[in-house]
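The values are calculated or read from the model by the stated rules, or taken from the named source; none is laboratory data. All figures in this text were calculated on a predicted structure; none of them were measured in a lab. Cβ placement follows ideal geometry from the backbone for every residue including glycine, while neighbour counts extend to all protein chains displayed. When the accessible area is computed, the model is the full protein with side chains, heavy atoms only, and any ligands, DNA or RNA have been set aside. Shrake-Rupley method; radii C 1.70, N 1.55, O 1.52, S 1.80 Å.
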Amino acid sequence: MAILITGGSGYIGSHTAVELIQAGYEVIIVDNLSNSKPEVCNRIKEITGIKPKFYELNLLNEAGLNQLFDNEVIESVIHFAGYKAVGESVDKPLAYYENNVTSTINLCKVMQAHQVNKLIFSSSATVYGQDGISPLVETLPLSATNPYGNSKVIIENILKDLSASNPKWQITSLRYFNPIGAHQSGLIGEEPSGIPNNLLPFITQVAIGKMVKLAVFGNDYDTPDGTGVRDYIHVLDLAKGHIAALNQLEEQKGYDVFNLGTGKGCSVLDIISTFELVNQVSVPYMVVERRPGDIAACYADTHKAEQVLGWQALYTLEDMCRDSWNWQKKNPDGY
Ligand code: WQD
């Protein structure tokens, strides 16, 4: 019986595949390679000794997905596949809703037709939307402020309704905060397509000289040093959180949702200074205007995952900065 990982050659998916294989699971990856490369599966083999079976498929292709489930014996699904750039979602809302929401509906229909009832969904802290209410707890009302975040809210609601329609469904949504870092081997990591959106890939590209300077988006927020505060979590902690959620699914009735964060907030300047200290490199920066849509602070209340999943983040900010830099140095041009 295999675990199907949609979007499994992506950043979080590939790290989760490594952790699952090393925990003894059989893994199958389905990915349309719109934001990842086939080389990732070779790297997973280099790390684990096992090359996961791979299907290149867009989840909008329901017939193709049906064929996959006919061919394989799948026990549960971890669903990462989806577009995830907030700014891009504002420019291309229809593409985001079709890709993220419709592909999830297709996946659930095919799972239902094949009596596969265990699903873990990759959600995001973006669903909380509001500022000034951290630490964020799972029971807060959801209020996304962009099409990407809204697609996650819509999918969470679909999964909740689906679960309520039939007690056989066992579904968990995991709300990620800010995943950064890379596997210690430096063989897999975050490879942004084009100009990075997120902070860490931008920092590592400035440090390696691919970019001249980091733009710090505002230092006039109501935070200790005026720059944005986020809950940065090592991608391997995130991967282990998926295994904890998979194990919990065995005795879970219906739908549940968990934050996956550290519970600690770090500012942009904290990240820059930690990165420079740990890696003995310089990250020149300049403070510019705030980025539209950004909030001052966002970090998790982590009690529920600790108490119910028996999971908590263990890697430090120093580990995250060291592992991010190791990946960038070993892969200056990505995969
Ligand atoms: C972090 C901080 C920026 C870049 C996004 C998505 C979220 C999730 C993670 C998918 C903020 C500042 C950034 C830069 C900067 N993705 N920054 N200069 O916006 O918290 O979250 O990525 O699930 O859904 O919203 O992450 O890394 O873009 O920004 O100053 O060049 O770094 O203002 O304070 P964000 P980020």
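The table below lists the values:
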item: Residue in region 71-87 that is surrounded by the most Cβ atoms within 10 Å (Cβ to Cβ), counting only those that are assigned to a helix (DSSP H, G or I) and in contact (Cβ under 8 Å) with a residue 24 or more places away in the chain; result: 86
item: Any hit, region 303-321, residues being outside any loop (DSSP other than H, G, I, E, B), away from the ligand (no atom under 14 Å from the Cβ) and either surrounded by fewer than 13 Cβ atoms within 10 Å (Cβ to Cβ) or polar (S, T, N, Q) (or both); result: yes
item: Selection within region 229-279 - under 19 Å from residue 189 (Cβ atoms), buried (at least 19 other Cβ atoms within 10 Å of the Cβ) and away from the ligand (no atom under 12 Å from the Cβ); result: 234, 236, 237, 239, 240, 241, 242, 275, 279
item: Positions within region 204-220 being at negative phi and either loosely packed, with under 14 Cβ neighbours inside 10 Å or more than 8 Å from the ligand (Cβ to nearest atom) (or both), in sequence order; result: 204, 205, 206, 207, 208, 210, 211, 212, 213, 219, 220
item: Scan of region 164-178 for residues that are more than 12 Å from the ligand (Cβ to nearest atom) and open to solvent by 10 Å² or more (accessible area, probe 1.4 Å), ordered by number; result: 164, 165, 166, 167, 168, 170
item: Unique residue being in contact with a Ser or Thr (Cβ under 9 Å, 6 or more places away or on another chain), at pLDDT 95 or above, more than 17 Å from residue 235 (Cβ to Cβ) and open to solvent by less than 30 Å² (accessible area, probe 1.4 Å) when the list is 60, 4, 33, 68; result: 4
item: Filtered residues of region 115-134 (kept if in contact with a helix residue (DSSP H, G or I) (Cβ under 9 Å, 6 or more places away or on another chain) and open to solvent by 20 Å² or more (accessible area, probe 1.4 Å)); result: 117, 118, 126, 134
item: Test: residue in region 146-158 that is over 18 Å from residue 308 (Cβ atoms), buried (at least 22 other Cβ atoms within 10 Å of the Cβ) and of a type in the set (Phe, Trp, Tyr); result: yes
item: Flag for residue 285 being touching a Leu at 6+ places or on another chain (Cβ under 8 Å), surrounded by 14 or more Cβ atoms within 10 Å (Cβ to Cβ) and closer than 21 Å to residue 209 by Cβ; result: yes
item: Residue in region 161-183 that is assigned to a loop (DSSP other than H, G, I, E, B) and on the phi > 0 side of the Ramachandran plot present; result: yes
item: Subset of region 179-198 that is within 12 Å of the ligand (Cβ to nearest atom) and surrounded by fewer than 20 Cβ atoms within 10 Å (Cβ to Cβ) - its residue that is modelled with the lowest pLDDT; result: 195
item: Filtered residues of region 2-24 (kept if polar (S, T, N, Q) and closer than 18 Å to residue 34 by Cα); result: 6, 9, 14
item: Some residue of region 296-316 being in contact (Cβ under 8 Å) with a residue 24 or more places away in the chain, acidic (Asp, Glu) and over 15 Å from residue 177 (Cβ atoms); result: no
